[in-house]
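Trainee: Here it is, the structure, as structure tokens.
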Amino acid sequence: MRLETRKLLDKAFSGVGLIAIAVMAAALLLILTPIVFRGAKAFVFKGTIEHRRVMLEQFHRGNSDRFSSDMKQVVTVRAPVYEMMEAFEVELKEMERSERSKYKSAFREVEKGIQVLLGPSPGQRTPVLLRQQYGQTRWDRTLVKVHEVLYSEEWDYSNTDAMGVLVEKPRADVFKGTRLEPVFRYLEENIDEMMRPKTTFYWQFITDKSKDSHIFGGIWPEVLGTLYLTLGAMIFAVPMGVIAAIYLCEYAKEGCVISFLRICISTLAGVPSIVFGLFGLAFFLNTIQVSDSKSVLAGSLTLSLLILPTIIRSSEEAILAVPRTYKEAALGLGAGRWHTVSTVILPSALPGILTGIVISMGRAAGETAPIIFTAAVSIGAPLKLWETLSQPTPALPWNIYNLCTEHEAVDEIRHVQYGMVFTLVAIVLLLNLFAILMRARISKKLRG
């Protein structure tokens, strides 16, 4: 091959490599930017007086004297809203039956909207559900609810050649001339004073337990459950994977059986994760019964099988990459096979083995399908270490899916969903960073 052609090919491959890196970086930026931006809103946001009330009453956190002073002023500002609603109820009773039916359903919608916005009215019986005992705790959701009170939504299908058009109509027009009409203008002009928004740094989102299905509180049970499952999977998978790789590389004689085993290992690495979940349910729970029902132990064992092929293959490649002269020199000095493996080959291959462990750790932390049937529940308390042998746990991957698809108030808790995703990405990055730093430190020691 001519020198000019070789240089041209080198430049072409370098250019393609740089383009691939740039595309990957852009894709990563495109994925992570909304996660970081929206996930950060779970920690930093404008909290209303209702948020401070929840923190004080449910989590015993905050200055009670300052809150009482602020709440007295808020109650004073909110009082005209309830007075106008009571006055309209009296007016409604005085109306004729035909006119009353015109306003009744519309008034119930307004009443319900104000209750969701501000919480129960004074004198009202305390609702059973925790979410109904408080108004809006976040300023962004407050603005949404105010808009829903001020405007009603209707679909216009007058144009038969096009899809329906969403039309917003001011509710004030419906109650024009009644005692309820002024409440809409008053609400719009005084909502700041009614809710007292204040920038809040809620770092306890990670350490607090959830209240009322994640309407309030944090995600500590999910974070702890994810750590339990990830570390449990690594405890089971890493020793088995490394030992299997040592056997395949140093002890097994090449032949049809070993070739078949390698094919099986490579095949298992590509099996869909849901298959491992079903196997974990059938084998660990129904056959050998490691626990009476779902448990962290069963989930960790299932995840360990999922990542085991990756650890075996990466460890095997790392061991084979150790120069053969290292082994020959150790054997020539009289070292036994196991002594050579444990003191020469394994330390030299450790950086490569740790690379496979890092990859496997990230996959174990983010998997959902294997733990659906074996370990995960939607709601639960943080587990003690000894409870992991017999109890299920919430986990970030499963709860992210559950909150996004099955929660009845899915739009109300978008910040929790993105906060969970942000936390999961951060946990995976921190675990990987720890493993990478450990690998770098070991490599530095090996180089002397």
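The values are calculated or read from the model by the stated rules, or taken from the named source; none is laboratory data. This one's a predicted model, so the numbers in the text were calculated from it and none came from an experiment. Backbone-built Cβ (ideal geometry, glycine too); neighbour counts: all protein chains shown.
Trainee: Suppose we filter the stretch 320-376 for residues that are of a type outside the set (G, A, S) and over 44 Å from the mean Cα position of the chain (by Cα); how many remain?
Mentor: Adding up the residues that qualify gives 11.
Trainee: Suppose the filter is under 30 Å from A321 (Cα atoms) and assigned by TED's automatic domain parsing to the domain that holds D292; does V358 pass it?
Mentor: yes
Trainee: Is there a residue in the stretch 119-126 that is within 26 Å of H415 (Cα to Cα) and surrounded by 11 or more Cβ atoms within 10 Å (Cβ to Cβ)?
Mentor: Yes: the stretch 119-126 contains one or more residues that are within 26 Å of H415 (Cα to Cα) and surrounded by 11 or more Cβ atoms within 10 Å (Cβ to Cβ).
Trainee: How many residues are surrounded by fewer than 14 Cβ atoms within 10 Å (Cβ to Cβ) and touching a residue at least 60 places away in the same chain (Cβ under 8 Å) if we restrict to the stretch 180-197?
Mentor: Looking only at that region, the number is 1.
Trainee: Then there's this: Name the residues in the stretch 268-309 that are part of a helix (DSSP H, G or I) and free of Cβ contacts under 8 Å to residues at least 24 places away in the same chain, would you?
Mentor: Answer for the stretch 268-309, where residues must be part of a helix (DSSP H, G or I) and free of Cβ contacts under 8 Å to residues at least 24 places away in the same chain: V275, A282, F283, N286, T287.
Trainee: Here's a follow-up. Can you say whether R53 is crowded, with 16+ Cβ neighbours inside 10 Å, over 30 Å from L180 (Cα atoms), of a type outside the set (D, E) and at pLDDT 90 or above, as far as the supplied structure shows?
Mentor: no
Trainee: Can I ask one more? On the given criteria, is S293 surrounded by fewer than 14 Cβ atoms within 10 Å (Cβ to Cβ) and either farther than 30 Å from R138 by Cβ or not polar (S, T, N, Q) (or both)?
Mentor: yes
Trainee: Select from the stretch 76-114 the residues that are loosely packed, with under 13 Cβ neighbours inside 10 Å and either aliphatic (A, V, I, L, M) or outside the structural domain of L130 (by TED's automatic domain parsing) (or both) and list them in ascending order.
Mentor: Selection gives A79, V90.
Trainee: For T340, state whether it is of a type in the set (S, T, Y), outside any loop (DSSP other than H, G, I, E, B) and under 23 Å from A282 (Cα atoms).
Mentor: Judged against the criteria, T340 is not a match.
Trainee: Among the residues of the stretch 388-406 satisfying the criterion of being among the β-branched types (V, I, T) and in a helix (DSSP H, G or I), which is modelled with the highest pLDDT?
Mentor: I400
Trainee: Would you call A26 of a type outside the set (D, E, K, R) and not assigned by TED's automatic domain parsing to the domain that holds P182?
Mentor: Judged against the criteria, A26 is a match.
Trainee: Six or more apart or on different chains, Cβ atoms under 6 Å: show the pairs whose first residue is in the stretch 232-260 and part of a helix (DSSP H, G or I) and whose second is surrounded by 14 or more Cβ atoms within 10 Å (Cβ to Cβ) and acidic (D, E).
Mentor: Listed pairs, sorted by first residue: A245/E316; L248/E316; C249/E316.
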